[in-house]
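Below is one structure, written out as structure tokens, with a few remarks after it.
All of the numbers you see were taken from the coordinates with simple rules; none came from a lab. Predicted model, so just to flag it, every value in this text is computed and none were measured. All Cβ positions, even for glycine, are placed from backbone atoms using ideal geometry, and neighbour counts span all protein chains on display.
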Amino acid sequence: MNQNINNRRFIRFKFPYTINIYPDKKNMISTYTEDISEGGLNIVIKENLDIASVVDMEIFIKNAPISCKGKIAWIKTKENTMLEDEAITYFCTGIEFQQLTQENLDLIKSCVEKRQQEKPTENI
């Protein structure tokens, strides 16, 4: 049995919210969430961020973006050869929420709970 599943504090829900990641003041990475929970989210990107680094984020759950910081918690490397002739490396990146207001935490929690009621979830 996967030990990580048993150690999760929050149930994650697979849903593609638009997200902008700012690893520094000059660069932005725009992508979609793979999954999200009250504690953080998972994205797949071409950039390899540093574990434990802190990034600024904008998550578009409703009309206005949720702005907060996130700490890079883990990274798993993935290669894809289906779209190109040569393998492209992607980085599955887990980000833990930091400096999230209670109002924004409540918004994320309500969206996750609403999605759970609409569709069965996985504890991944």
With the requirement that a residue be surrounded by 11 or more Cβ atoms within 10 Å (Cβ to Cβ), in a strand (DSSP E or B) and touching a residue at least 24 places away in the same chain (Cβ under 8 Å), what does region 79-114 give you?
I88, Y90, F91, C92, T93, G94, I95, E96, F97, Q98
Working only within region 21-46, note down all residues that are surrounded by fewer than 17 Cβ atoms within 10 Å (Cβ to Cβ), under 19 Å from T77 (Cα atoms) and either of a type in the set (D, E, K, R) or touching a helix residue (DSSP H, G or I) at 6+ places or on another chain (Cβ under 7 Å) (or both).
K46
